[in-house]
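Colleague: Take this structure first; my questions come after.
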Amino acid sequence: MLTLKGVYAGYGNIRVLKGIELEVLEGEIVTLIGANGAGKSTILRVITGMLKPEMGEVQFLGENLLTMNIHEIAERGISMVPEGRRIFPRLTLLENLELGGFGNRKNKNIDVKALMKEIFSIFPTLEERRNQIAGTLSGGEQQMLAIARALMATPRLLLIDEPSLGLAPLLVRRIFQVIKEIHEKGNTVLLVEQNARLSLKIADRGYVLSTGEIVLAGSAQELQSNEMVQKAYLGGKSRTKGE
């Protein structure tokens, strides 16, 4: 579905990505893990067209994304949940969702009411607060709203950037449960997350980034059992099944 080959990118004279190569297959959850500053969010910015790389290839469903503007990439079916949520705080929850589905306004095959009903089935708490000003929601509710808003665009590929940021552990587990539910409904997900333990638990495959380079890649199970990943991201030896 998505392929990056030899991608170099940065900001001004600072090169952040150094030859990134990765792929996402349809129906997968693929996670990018790494420390702050490793380049995870920069990869998402390249995919969505917010940052043009110095060199390399970015293809989605066989099309070259580097020739497209941001809105054209979104129209191809890529939707992003940004780091820090970036909701519209002065609008109601419902208005945020309606804006998320703005790109579908010309698609007569999409039943907006049915789509909204499906999203509220995933996020029942949001339905209860549909007329509430979004800026007054809790941090966990705002994160759920950010994910729901992205789903309103009916994406083929959902990009999620640091969904656990700033949330209490209980809310983090709920957010990851939601991501798993979204995937089970048929969505393909590329997940950027510092919480390697939780992200690898729900992912099919993963990539480990360090200073702009992919240093490890493999199935989630392989990465969980990798000694370097255990020491750097999982807090020591991995737990055995059932612990």
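Please treat every number below as a calculation from the coordinates, not as lab data. As the structure is a prediction and not an experimental result, all values here were calculated from the model. A quick note on method: Cβ atoms are made from the backbone with ideal geometry, for glycine too, and the neighbour counts reach across all protein chains shown.
Colleague: Per the Kirkwood treatment, what hydrodynamic radius in Å, one decimal, follows for the stretch 1-57 from the mean inverse distance over all distinct Cα pairs?
Modeller: Hydrodynamic radius (Kirkwood, Cα pairs) of the stretch 1-57 is 11.8 Å.
Colleague: While we're on this one: Which value does Rg/Rh take for the stretch 123-169 over its C-alpha atoms, Rh per Kirkwood?
Modeller: Here Rg/Rh amounts to 0.97.
Colleague: How big is the antiparallel share of DSSP beta bridges in the chain, given as a percent to the nearest 5?
Modeller: Once the DSSP bridges in the chain are tallied, antiparallel ones form about 55 percent.
Colleague: Return the Rg/Rh ratio of the stretch 170-238 with Cα-based radii and a Kirkwood Rh.
Modeller: Using only Cα positions, Rg/Rh for the stretch 170-238 is 0.97.
Colleague: Same structure, new question: Below 8 Å between Cα atoms, with a sequence gap of 6+, how large is the relative contact order for the chain in percent?
Modeller: 27
Colleague: In whole angstrom, how far apart do the alpha carbon centroids of the stretch 151-214 and the stretch 1-80 sit?
Modeller: Comparing the Cα centres of the stretch 151-214 and the stretch 1-80, I get a distance of 16 Å.
Colleague: Kirkwood Rh over Cα pairs of the stretch 110-209 into Stokes-Einstein at 4 °C, 1.567 mPa s: D in µm²/s?
Modeller: Answer from the Stokes-Einstein relation: 91 µm²/s.
Colleague: What is the distance, in nm, between label points placed 7 Å from the Cα along the Cα-to-Cβ direction at LEU25 and at ARG86?
Modeller: 3.0
Colleague: Applying 1/(1 + (r/R0)^6) with R0 = 30 Å to the Cβ-Cβ distance of GLU227 and SER121, what FRET efficiency is obtained, to the nearest 0.05?
Modeller: Here the calculated transfer efficiency is 0.10.
Colleague: For the chain, what does the helix formula give at 222 nm: sum of -39500 (n - 2.57) over DSSP H segments with n ≥ 4, over the residue count, nearest 500 deg cm²/dmol?
Modeller: -10000 deg cm²/dmol
Colleague: Using Cβ counts within 10 Å as a stand-in for footprinting exposure, how do ASP161, ASP204 rank, fewest first?
Modeller: Ordered from fewest to most neighbouring Cβ atoms within 10 Å, ASP161, ASP204 come out as ASP204, ASP161.
Colleague: For a Förster distance of 25 Å, can you work out the FRET efficiency between the beta-carbons of GLU128 and ASN36, rounded to the nearest 0.05?
Modeller: Using R0 = 25 Å, I get an efficiency of 0.10.
Colleague: Here is a follow-up. Which shape class, rounded, prolate or oblate, goes with the chain when its Cα gyration tensor gives a ≥ b ≥ c as root eigenvalues, a/c under 1.5 marks rounded, and past that a/b bigger than b/c marks prolate?
Modeller: Oblate shape, in that a/c is at least 1.5 and b/c is the bigger or equal ratio.
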